[in-house]
Structure formats: structure tokens, C-alpha cells
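Take a look at the structure set out below.
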Amino acid sequence: MSRYSAAEIEAKWQEAWDKAGIFHAARSEDRPKYYVLEMFPYPSGRIHMGHVRNYTMGDVIARHKLATGHNVLHPMGWDAFGMPAENAAMASGGHPRDWTYGNIDDMRAQMKPLGLSIDWSREFATCDPEYYGQQQALFLDFLEKGLVYRKNAVVNWDPVDMTVLANEQVENGRGWRSGALVERRELTQWFFRISDFAEELLEALDTLDNWPAKVRLMQENWIGKSRGLQFSFARTDGGDPIEVYTTRPDTLMGASFIGISPDHPLAKELAEQNPEVAAFRAECARGGTTEEALETAEKLGFDTGLKVRHPLDPDWELPVYVANFILMDYGTGAIFGCPAHDQRDLDFARKYGLCVKAVFEEFGSYHDDAIPDSEFAGNPVFLKDLGPGPNGGSVLKKFFRITNTAFVPPKTETVRYVNGFAGQEHQTGEHAIDAAIDFCEANGVGQGVTNYRLRDWGLSRQRYWGCPIPVVHCEACGVVPERKENLPIALPDDVSFEVPGNPLDRHPTWRDCACPACGAPAQRETDTMDTFVDSSWYFARFTAPRANTPTDMAEAAYWMNVDQYIGGIEHAILHLLYSRFFARAMHICGHLPEKCKEPFDALFTQGMVTHAIYVTRDENDRPVYHFPEDVEVHESGARLGATGEDVEVVPSAKMSKSKKNVVDPVNIIRDYGADTARWFVLSDSPPERDVEWTAAGAEAAHKHLSRVWRIATGIAGANTDEAATPEADEALLREMHKTIHEVTGGLESFGFNAAIAKLYGFTATLARSEAGQDARRRAARTLAQLMAPMTPHLAEEVWSMLGGEGLVANAPWPEADPAMLIEDTITLPVQINGKRRAEISVPRDADKSEVEKSALAVDAVARMLDGAQPRKVIVVPGRIVNVVI
RNA sequence: GCCCGAGUGGUGGAAUGGUAGACACGACGGAUUCAAAAUCCGUUGCCCUCGCGGGCGUGCCGGUUCGAGUCCGGCCUCGGGUACCA
């Protein structure tokens with residue numbers, strides 16, 4: 001072979017790994033275990049560059065851990081239930097099952113050439129009856145432990161197709177197929193009691209040290225713990241009082257109206273008597289159910305004519321509105337509006353001509369060492385902290401004064417003091433809120449309660465292609481759980497998708513069954529489970545994928561937890577929170593050990609792979625998208641290859657089929673090889689950031705790998721030491737140890753791009769080195785080892801041509817000699833007033849005064865000083881010198 | 001709307017509060033070649049300057065600091081999530 005041929009090399013080494021069986025995971029006490037997992041793919045049919053990036057990252061970790069003596073578990077499976085399979089069946093006939101398994105076969109075939117170190121013997125799809133049957137067993141256990149229940153909840157209802165729509169199927173408030181205005185409609189559905197775990201899920205976030213802070217913060221905000229006041233407003237007509245929850249009881253004296261949700265029992269009651277209320281409720285029911293749609297919709301209110309009394313002042317009457325922006329799911333479904341201190345309430349008050357009454361006002365901003373004490377005299381005050389300065393610098397704070405003193409908290413002193421005057425606390429008004437709650441409780445007006453934003457998890461889906469919920473509805477016995485020996489309750493095969501809606505609902509025989517309790521004719525539940533359920537425990541199933549119970553406790557105890565989980569940031573909240581809940585629920589039911597309550601020890605969220613979008617317009621000015629391979633890009637612009645038509649280039653968006661801005665990894669692997677694709681997706685961009693695919697980048701990666709191959713071939717074939725010097729040997733080995741150090745550090749901290757940059761540098765050093773044969777062979781073998789996690793095939797080839805023993809995949813990871821990392825002389829920059837003006841060379845262990853002396857002696861510094869003394873000299877050992885003049 | 005991120009040369013990006021632009025792409029120049037491809041060597045943030053050298057520079061406006069891409073406050077733009085996309 002005279003040049004780098006990825007095709008030959010890659011097939012050869014994949015076969016060698018297979019034969020050696022080195023990726024097969026089995027329990028063993030002789031090595032520490034390491035479980036690395038990438039979020040499993042949805043089988044759309046084609047792998048995309050995002051998959052390549054995700055699985056390559058996991059593979060780098062897995063291979064590195066294997067080389068450092070770990071017993072590695074690195075499995076792969078398929079998140080196989082979901083809407084696209086049904087959509088495909090509707091669009092082009094066929095069966096969702098055939099479509100899904102066909103896609104899995106295609107994707108597996110596309111994935112295998114990547115050379116991933118996966119234990120394929122553990123593969124499963126969530127649509128395998130063996131998997132979802134165990135999921136049904138979990139459901140029954142959850143049911144028994146009271147972790148599942150039924151209640152009403154709203155869905156998007158398409159009144160033309162008479163079906164439930166997913167949020168994705170609602171476009172601008174209309175059904176995507178029928179175009180009908182979507183309505184919100186209540187259905188009885190199954191729920192997991194995740195909100196019972198709100199506090200635990202919140203508190204445990206603090207233990208997840210190896211999760212990104214942003215993910216923990218997002219989950220914290222999602223759980224949304226708040227402390228507020230729950231109290232009631234008495235109605236002037238003598239009806240039942242209206243129960244209200246507020247997180248801002250400090251603004252109670254600014255109340256101007258009461259708002260209730262259109263789904264509030266009172267609103268329903270009024271609608272029965274008053275057609276106008278009914279009409280308003282119907283208006284509010286239009287549109288989708290997403291929080292975004294509700295929050296951004298125009299704020300609408302309806303004056304019920306009812307009045308309530310202010311709890312602190314019985315003579316003060318407030319109007320009651322039904323308002324579309326109030327959620328029945330949060331708090332009590334009723335609020336009081338304080339327009340002076342809430343933008344949404346202010347908009348509402350202006351629209352409906354309600355009064356605006358301020359409770360407090362800003363009266364100044366001060367640094368914390370400059371607050372005039374007189375400002376506090378007799379005023380209840382709280383403050384807003386504008387942030388501490390660094391290094392103990394002064395803190396700018398804004399001060400507010402309570403102006404409406406109809407209720408003055410008796411603890412004025414406390415309010416003032418705890419609010420940060422003492423310089424310890426920096427929280428906006430929190431203490432004023434606490435004081436208000438204390439005051440209200442002392443006066444018999446409601447009580448302080450803790451509330452969570454987190455809602456229970458609705459798992460019912462009115463769709464075919466999902467895990468059937470294993471219960472039966474019996475006229476006599478009610479809801480009856482299936483017997484475990486009847487599991488799996490398998491989906492029927494004979495279904496059609498010509499009529500909209502759930503085929504299970506109209507299946508002639510599947511639906512009818514005998515009641516497991518009394519044997520009378522009964523009907524199966526036709527709802528299936530949310531696909532998030534499937535992905536909430538697959539990681540545990542991988543530890544014993546063929547067990548005839550959901551998990552095998554011995555296997556789970558050995559392999560769990562997942563040591564490193566890798567996936568997209570888009571899963572930061574739902575998937576990860578549901579999995580955390582499931583792990584707890586499974587523990588309660590005896591399917592996971594206690595230590596698995598937090599199943600993912602470390603989490604890494606990767607960025608997306610993006611590509612420019614190429615657009616032309618049709619005769620109606622609608623966009624027409626084009627694949628990158630159909631477009632010629634020139635400096636002057638882009639044109640369609642076929643017609644020469646000008647193409648508009650929209651920069652960098654997430655790759656998606658509908659925009660056609662996709663690059664097929666299969667083509668890249670065919671043209672350049674898997675190692676090139678792997679090397680490219682790890683190069684340049686930090687893994688947490690989005691990366692743009694460019695053809696030039698892939699080309700460059702391939703050139704580099706060819707170069708490494710050429711250099712290694714040269715070294716393997718050389719047998720003279722023409723220009724060798726001991727100094728060259730020393731220099732090369734020093735660089736080698738530095739490279740080992742930096743690459744190892746990079747791999748252990750997801751600094752793949754930095755590790756690769758270092759490897760570029762080391763390759764150049766090796767190419768130019770005049771070191772002797774032994775040193776060069778050693779350096780090249782080490783290069784192969786360091787590259788092996790990223791480009792495993794090329795690394796094996798280089799390793800073997802240089803006489804490495806066995807497979808490089810199995811070779812112990814090289815260690816850096818600390819003595820080789822330290823230089824005797826270091827170069828320090830010298831700044832004058834913070835601007836770099838010169839450099840000095842000093843011994844590594846020079847003390848501060850020596851460094852200062854040589855810095856002041858430098859020409860540029862002496863010139864600037866002109867004989868004067870510097871005002872200050874800052875020496876940061878090993879870092880920098882700053883001379884202040 | 002709300003929550004969470006990101007923004008640095010022509011491009012992708014590097015930089016524990018300490019030399020901004022490592023490494024790579026592209027571009028330009030050179031070597032090699034009959035020629036080309038491939039390969040190798042060099043230059044390359046912007047502006048002023050023959051040069052020496054100087055000025056400006058990390059989305060925008062302020063602040064803290066001897067020193068800010070990095071910390072703080074306020075914005076802008078883009079991206080992710082927003083509970084039935086997965």
C-alpha cells in the first residue's frame with residue numbers, strides 16, 4: 001500500500017476487533033467498571049452528522065477508559081416508538097412496525113462502518129415486545145405503589161379530524177392537516193406522581209457535581225419551588241370564598257382585581273348560568289395548549305360582576321375577572337392582580353380600566369458603604385442588589401420604600417435589617433415577602449405555603465405506535481390492572497391509518513377482552529404511553545437486556561450508575577428529569593438499588609451540527625430548499641449546479657431534513673473514511689458548542705490523517721540515523737511527554753478540540769525532528785496511541801507497522817513523565833500599566849524580587865520609567881509582571 | 001412571554017482574572033515539477049509607517065480591578081427548552 005487507504009484499513013481492523021471480542025462487556029471484579037452511554041437515537045432512517053458527533057464522543061471516552069484498564073460498558077439501542085412511524089404509515093401506507101425496523105436496519109448498517117466500540121449483543125429497540133412488556137410490568141408496579149393515577153387534563157383537539165394533536169401538529173393555532181382551529185378539551189388521562197418528588201428532585205441537584213451548572217439551573221427553575229401566601233377573598237354575594245395563591249404577598253395592598261382561570265370551578269359554574277361567560281370560556285379554549293401559546297396570546301378578561309372584599313380591609317371591594325392567562329394547573333387557579341408591580345397585571349389593568357396603586361417606590365441607589373442612615377428612619381425598606389463588585393469591592397444597591405402603609409408589617413426593623421443593611425444578604429425583597437407572610441398569618445389572613453411549578457407527568461397518548469397501558473376497564477370492577485403473566489400486552493398487527501385517530505380505539509378484537517378480576521366482558525385501555533417513558537429507563541435495561549424482569553439487580557448493582565452520559569442540550573429538562581424520577585420509582589419497586597436514585601453520575605451536553613441552508617423561491621415566492629451537493633458555492637455567491645440559478649444562503653442552522661441542509665455521513669465515510677469523519681467532528685469546535693459542517697473541513701482532516709500515515713510509513717521504513725543528535729532525541733521526547741499530558745487532560749475533560757490541536761502540533765514536531773530511529777519510532781507509536789480513541793483504525797495500522805504489540809485498542813495508555821514537563825527557564829511578559837511592552841527570560845524558580853529586578857532592567861521599561869520609581873510592581877510568579885507608572 | 005445558553009481575524013476556533021488570536025481552513029509568496037495534482041517552506045487581526053515603531057481591537061453601553069474575552073449591571077442578536085417532536 002503506497003498511500004493512506006481508509007477503505008482497506010478500516011474494514012481490516014473492524015474485523016480484528018470483532019474477532020478479539022474486546023468490546024463485549026461482562027461483569028468482572030478484576031477491573032473497575034465504566035458505563036458510558038450516549039442518548040440513544042430515534043430510528044428516522046438515516047444517521048446524520050449529529051449522531052456521528054454524539055457517538056464519536058462517547059466512543060473516545062469508551063476507548064480511553066478501556067486503555068486505562070476499565071471494564072467498559074458501551075451499548076446501543078433504539079428509541080423506536082413515536083409519531084413519525086405513524087405519519088409515514090399515513091403518508092405512504094405500510095405499517096409503522098415495518099417502517100421502524102427497516103429504519104433500524106438501515107441506520108445500524110450506516111453506523112457500523114464508524115468503528116464504534118459498542119457491545120452490539122446488548123442492542124434492543126423500545127418497540128420490541130420484550131422491552132415494552134417489561135415496561136408494562138414497571139407500570140403495574142408503579143400502580144400498586146400509588147405512583148400512577150388518573151385525572152382530567154387538557155389536550156389539543158382537532159374538531160374536524162376528531163383527533164388529539166401533539167403540540168408539534170398545531171401550527172398557528174390550527175391543525176396541521178385539517179387546518180381547523182384547535183380547541184382545548186379535557187380527557188381523563190394517566191399521570192405519574194412526579195410532583196410528589198419535587199423537593200427530592202430539587203435537593204438532589206446539589207449532589208450532581210459532574211452535571212453542567214446550566215442543566216441543574218434549568219431543572220431548578222423548572223421545578224420552580226416558591227414560598228407564598230395562600231388565602232381567600234370573601235365574596236360580597238355570600239358565595240364560596242375565592243382561594244388565591246401569591247408569591248408576592250408584599251404587594252397585597254396594591255391589589256386591584258381578582259383573576260380566575262377559565263377552567264376554574266367558579267368560571268364553569270358561572271358559565272352554566274350566563275351564556276356570555278360560556279362564550280368567553282369557549283373563546284379562551286381556542287388555540288394550543290403550550291405554555292408559549294398561552295403566555296404570548298393576547299391577554300383577555302371578562303368581568304363577572306362579582307365582587308370580593310380585601311382581606312385586610314373589609315370596606316375595600318375588588319372585581320372578579322375570568323382571565324385567559326391564568327393556569328388552573330398552578331397554585332389555586334386564581335390570583336390577585338397588582339398592576340403597579342407586575343407588567344402583565346399592568347397591561348391587563350390598562351385594558352380594562354382598573355386602578356393602579358403602588359405599594360413601594362424606589363428612592364435611591366447607594367454603594368453599601370455610603371447609605372445615609374437617615375434614609376431608614378421609620379421606613380420599611382427593602383432593596384434590590386445590583387451585584388457585588390469583585391474582590392470585596394463596594395456593592396451598588398437600589399432601595400425601595402413601602403409607601404402604602406395601610407398595612408405596615410409590625411416587624412419593620414426586621415425588614416430593614418435583614419434586607420442587607422448588615423451587608424450579609426443580597427436578595428431582592430425576599431425578606432419583605434417573608435415579613436408580609438408573617439404579618440398575614442399573625443392576623444389570621446391565610447398561611448404561608450410552599451408551591452412547586454412542576455406538574456405531574458401525563459403519560460397517556462391517544463396513539464397506536466407506543467407501549468399499551470396494561471389496564472382493563474370493566475363495568476363492574478372499574479379500572480383493573482392486567483395480570484403480569486399476560487404481559488406483554490402486544491400491539492395488534494392488523495391496523496390501518498386511513499381514518500384519523502387511534503386505530504386501537506376501533507380495533508374489533510384487540511380492544512375487547514375479559515376482565516382480569518371478574519372475567520366479565522371488558523375493554524382494554526387504548527391509550528399508549530408517552531415515548532418519554534420508554535427513554536426513562538433504557539439505561540437500566542442495558543445492564544441486563546434479556547432479563548425476564550425489568551432489571552437484574554445483580555447486573556444493575558454492578559454496572560449502574562452511568563458513569564458518563566452524553567447527549568443534546570435539548571434534553572436538559574424533560575428526558576433527564578423524567579429519568580431521575582423513574583430511577584427513584586424503580587428503586588421503590590425494587591428494580592434498582594438505592595445508589596441508582598441519581599442514575600447519571602456525569603452528564604455532558606453536546607452542541608448541534610449545523611449547515612448553511614440553500615434557498616430559491618418558487619413562482620409564489622415560497623421557499624424551495626436544496627441539498628448542499630446540488631449547490632455550487634463561489635466567492636461571488638451560490639448557484640444551483642443544474643440550472644445556474646442564484647441561490648440565497650442562510651447561514652448555519654440545525655441540520656434538518658425539511659430544510660435539506662443535511663450532509664450524509666455515509667457519503668463522507670465513502671469518500672474519506674470513518675476516521676476522517678470522526679477526526680473532523682471532534683476538531684475545531686468545543687464539543688458543547690454547535691459545529692458547522694464544511695466540506696473544506698473534512699478535506700483538511702483527511703489530509704492530516706494522510707500525513708500521519710506518510711510520516712509513520714517513513715519512520716517504519718527508515719534504517720539510518722543520518723542527522724540524529726542527542727539534543728534532538730531529548731527535544732522530541734520532551735514534546736512527546738507534554739503531548740501525552742495535554743491530550744490525556746483533554747480527553748478527560750471533553751477538551752477534544754484542544755487535544756486534537758496538540759496532536760497537530762506534535763505531528764509537525766515529529767515530521768521535522770532530527771532525532772534518532774529509536775526516539776522517532778517511540779514518538780510515532782505514542783502518537784498512534786494518543787490518536788487511537790479518535791481515529792482507531794489509522795492508529796491500529798500505524799501501531800502495527802511500527803511493531804506495537806497486539807491491538808493498540810488494548811494497549812495501556814501512555815503516561816507522562818512529570819520531570820519531562822518542566823522547563824528550567826521560562827519567559828514572562830512584562831506589562832507597563834497593563835499593556836505588554838517586553839519579555840524577560842528568568843529561571844523557573846526565581847523569586848519575586850529577582851523577577852522584579854530583571855523586569856525593571858529591561859530597555860523598554862527603563863525608557864518609560866526615565867529614572868523615576870514605579871508606583872507599584874505586580875509580580876505573579878510564573879505568569880506576568882505589571883509595572884505601574 | 002418565561003427559563004437557560006452563545007456572540008473573539010476572511011472562516012472554525014484557543015486563552016486557571018495575567019502576552020488576545022494556539023491549532024486548523026482559506027488567501028498570498030516560494031521550493032519541487034516539462035506541466036499539474038500531491039507534498040514541503042514561509043507570510044497572514046485591522047489601521048498608520050519605507051522602516052524602527054505606534055494606535056485600535058473579543059456583539060453594544062457602563063462598572064469593578066495593577067490588569068477584563070473572562071467578573072458585575074443594563075441592552076442587542078442568534079440558538080435551545082417551554083410539559084403531546086424526540
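The values are calculated or read from the model by the stated rules, or taken from the named source; none is laboratory data. This structure is a prediction, so every number in the text was calculated from the model and none was measured. All Cβ positions, glycine included, derive from the backbone under ideal geometry; neighbour counts span all protein chains shown. Quick note on the areas: whole protein, heavy atoms, side chains included, nothing else; ligands and nucleic acids left out. Shrake-Rupley method; radii C 1.70, N 1.55, O 1.52, S 1.80 Å.
Go through region A:292-336 and count every residue that is open to solvent by 30 Å² or more (accessible area, probe 1.4 Å), over 12 Å from A:Ala255 (Cα atoms), within 33 Å of the chain's Cα centre (by Cα) and not polar (S, T, N, Q).
12
Tell me whether region A:841-855 contains one or more residues that are of a type in the set (Gly, Ala, Ser), open to solvent by 60 Å² or more (accessible area, probe 1.4 Å) and within 14 Å of RNA strand B (Cβ to nearest atom).
Residues of region A:841-855 that are of a type in the set (Gly, Ala, Ser), as a first pass: A:841, A:846, A:849, A:854-855.
Of the ones still in play, those that are also open to solvent by 60 Å² or more (accessible area, probe 1.4 Å) are A:841, A:849.
Filter once more, so that each one left must be within 14 Å of RNA strand B (Cβ to nearest atom): A:841.
So far as region A:841-855 goes, yes, one or more of its residues are of a type in the set (Gly, Ala, Ser), open to solvent by 60 Å² or more (accessible area, probe 1.4 Å) and within 14 Å of RNA strand B (Cβ to nearest atom).
Could you give every pair whose Cβ atoms fall below 8 Å, whose first residue belongs to region A:283-294 and is assigned to a strand (DSSP E or B), and whose second residue is of a type in the set (Lys, Arg) and within 12 Å of RNA strand B (Cβ to nearest atom), counting only separations of at least 6 or pairs across chains?
Listed pairs, sorted by first residue: A:Arg286/A:Arg184.
Restricting attention to region A:264-281, does a residue exist that is assigned to a strand (DSSP E or B) and within 16 Å of A:Ser232 (Cβ to Cβ)? Give the derivation first.
Quick first cut of region A:264-281, residues assigned to a strand (DSSP E or B) only: none.
Looking through region A:264-281, none of the residues is assigned to a strand (DSSP E or B) and within 16 Å of A:Ser232 (Cβ to Cβ).
Return only the number of the condition from (1) under 29 Å from A:Gly458 (Cβ atoms); (2) open to solvent by less than 10 Å² (accessible area, probe 1.4 Å) that A:Tyr101 does not satisfy.
Among (1) under 29 Å from A:Gly458 (Cβ atoms); (2) open to solvent by less than 10 Å² (accessible area, probe 1.4 Å), A:Tyr101 violates only (2).
Scan region A:803-813 and give yes if some residue there is open to solvent by 10 Å² or more (accessible area, probe 1.4 Å), on the phi > 0 side of the Ramachandran plot and not aliphatic (A, V, I, L, M), otherwise no.
Yes: one or more hits.
Of the residues A:Ala698, A:Ala712, A:Ala780, A:Ala784, only one is open to solvent by less than 10 Å² (accessible area, probe 1.4 Å) and within 20 Å of A:Val609 (Cα to Cα); which? It would help to see each step written out before you state the result.
Details: A:Ala712 fails: within 20 Å of A:Val609 (Cα to Cα); A:Ala780 fails: within 20 Å of A:Val609 (Cα to Cα); A:Ala784 fails: within 20 Å of A:Val609 (Cα to Cα).
Just one listed residue meets the conditions, A:Ala698.
Taking region A:80-98 only, how many residues are over 17 Å from A:Leu491 (Cα atoms) and open to solvent by 70 Å² or more (accessible area, probe 1.4 Å)?
Summing the residues that are over 17 Å from A:Leu491 (Cα atoms) and open to solvent by 70 Å² or more (accessible area, probe 1.4 Å) in region A:80-98 gives 3.
Among A:Pro818, A:Pro814, which is more than 16 Å from RNA strand B (Cβ to nearest atom) and under 30 Å from A:Trp13 (Cβ atoms)? Before you say what the answer is, go through the steps one by one.
Numbers: A:Pro818 fails: under 30 Å from A:Trp13 (Cβ atoms).
Among A:Pro818, A:Pro814, only A:Pro814 is more than 16 Å from RNA strand B (Cβ to nearest atom) and under 30 Å from A:Trp13 (Cβ atoms).
What about A:Asp563, is it open to solvent by 10 Å² or more (accessible area, probe 1.4 Å) and under 30 Å from A:Met218 (Cβ atoms)?
On the way: open to solvent by 10 Å² or more (accessible area, probe 1.4 Å): yes; under 30 Å from A:Met218 (Cβ atoms): yes.
Yes: the conditions hold for A:Asp563.
Return a yes/no flag: does region A:334-352 have any residue that is among the acidic types (Asp, Glu) and not in a loop (DSSP other than H, G, I, E, B).
yes
Any residue at all in region A:521-538 that is more than 16 Å from RNA strand B (Cβ to nearest atom), farther than 24 Å from A:Glu130 by Cα and small (Gly, Ala, Ser)?
Initial filter on region A:521-538 (more than 16 Å from RNA strand B (Cβ to nearest atom)): A:521-524.
Among the residues that remain, those that are also farther than 24 Å from A:Glu130 by Cα are: A:521-522.
Those left that are additionally small (Gly, Ala, Ser): A:522.
Looking through region A:521-538, at least one residue is more than 16 Å from RNA strand B (Cβ to nearest atom), farther than 24 Å from A:Glu130 by Cα and small (Gly, Ala, Ser).
Which residue is nearest to RNA strand B (Cβ to nearest atom), if the candidates are limited to region A:821-838 and must be within 26 Å of A:Leu732 (Cβ to Cβ) and more than 44 Å from the chain's Cα centre (by Cα)?
It comes out as A:Thr825.
Looking only at residues in region A:745-761 that are more than 7 Å from RNA strand B (Cβ to nearest atom) and outside any helix (DSSP H, G or I), which one is nearest to A:Arg710 (Cα to Cα)?
In this case the residue turns out to be A:Phe750.
Within region A:1-49, track down each residue that is part of a loop (DSSP other than H, G, I, E, B), farther than 30 Å from A:Trp537 by Cα and open to solvent by 30 Å² or more (accessible area, probe 1.4 Å). Break it down stepwise before answering.
Of all residues in region A:1-49, those part of a loop (DSSP other than H, G, I, E, B) come to A:1-5, A:21-32, A:39-48.
Right, trim to farther than 30 Å from A:Trp537 by Cα and you get A:1-5.
A:Met1, A:Ser2, A:Arg3, listed by residue number.
Can you tell me which residue within region A:652-694, out of those that are small (Gly, Ala, Ser) and at pLDDT 70 or above, is surrounded by the most Cβ atoms within 10 Å (Cβ to Cβ)? Let's see the steps before the verdict.
Going residue by residue through region A:652-694, those that are small (Gly, Ala, Ser) are A:652-653, A:656, A:658, A:673-674, A:677, A:683, A:685.
Okay, now just the ones that are also at pLDDT 70 or above, so A:673-674, A:677, A:683, A:685.
Numbers: A:Gly673: 26, A:Ala674: 26, A:Ala677: 28, A:Ser683: 21, A:Ser685: 18.
Only one residue fits best here, namely A:Ala677.
Can you pull out the residues in region A:556-571 that are assigned to a helix (DSSP H, G or I) and not small (Gly, Ala, Ser)?
Taking region A:556-571 first, the residues assigned to a helix (DSSP H, G or I) are A:556-559, A:569-571.
Of everything in region A:556-571, those that are assigned to a helix (DSSP H, G or I) and not small (Gly, Ala, Ser) turn out to be A:Tyr558, A:Trp559, A:Ile569, A:Glu570, A:His571.
Is there a residue being modelled with pLDDT under 95 and open to solvent by 30 Å² or more (accessible area, probe 1.4 Å) anywhere in region A:592-602?
The first filter runs over region A:592-602 and keeps only residues modelled with pLDDT under 95, leaving none.
Among the residues of region A:592-602, not one is modelled with pLDDT under 95 and open to solvent by 30 Å² or more (accessible area, probe 1.4 Å), which makes the answer no.
Name the residue, out of A:Val875, A:Val861, that is surrounded by 11 or more Cβ atoms within 10 Å (Cβ to Cβ), more than 30 Å from A:Arg63 (Cβ to Cβ) and at pLDDT 85 or above. I'd like the intermediate steps shown before the answer.
On the way: A:Val861 fails: at pLDDT 85 or above.
Exactly one residue qualifies, and that residue is A:Val875.
Here is a yes/no grid of residues against (1) without any contact (Cβ under 8 Å) to a residue 40 or more places away in the chain; (2) near RNA strand B (Cβ under 9 Å from one of its atoms); (3) not charged (D, E, K, R):
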| position | (1), (2), (3) |
| --- | --- |
| A:Ala698 | yes, no, yes |
| A:Leu705 | no, no, yes |
| A:Trp709 | no, no, yes |
| A:Gly717 | yes, no, yes |
| A:Glu727 | yes, no, no |
| A:Leu732 | no, no, yes |
| A:Ile740 | no, no, yes |
| A:Val743 | no, no, yes |
| A:Thr763 | no, yes, yes |
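Taking only region A:177-196 into account, find how many residues are within 12 Å of RNA strand B (Cβ to nearest atom), of a type outside the set (Val, Ile, Thr) and in a helix (DSSP H, G or I).
Residues in region A:177-196 being within 12 Å of RNA strand B (Cβ to nearest atom), of a type outside the set (Val, Ile, Thr) and in a helix (DSSP H, G or I): 1 in total.
Does A:Met57 satisfy the condition of being in a loop (DSSP other than H, G, I, E, B) and open to solvent by less than 30 Å² (accessible area, probe 1.4 Å)? Walk me through it before giving the result.
On the way: in a loop (DSSP other than H, G, I, E, B): no; open to solvent by less than 30 Å² (accessible area, probe 1.4 Å): yes.
So A:Met57 fails the test.
Return the residues of region A:87-116 that are over 23 Å from A:Val681 (Cα atoms) and either away from RNA strand B (no atom under 16 Å from the Cβ) or modelled with pLDDT under 95 (or both); say none if nothing qualifies.
A:Asn87, A:Ala88, A:Ala89, A:Met90, A:Ala91, A:Ser92, A:Gly93, A:Gly94, A:His95, A:Asp98, A:Gly102, A:Asp105 - these are the residues of region A:87-116 that are over 23 Å from A:Val681 (Cα atoms) and either away from RNA strand B (no atom under 16 Å from the Cβ) or modelled with pLDDT under 95 (or both).
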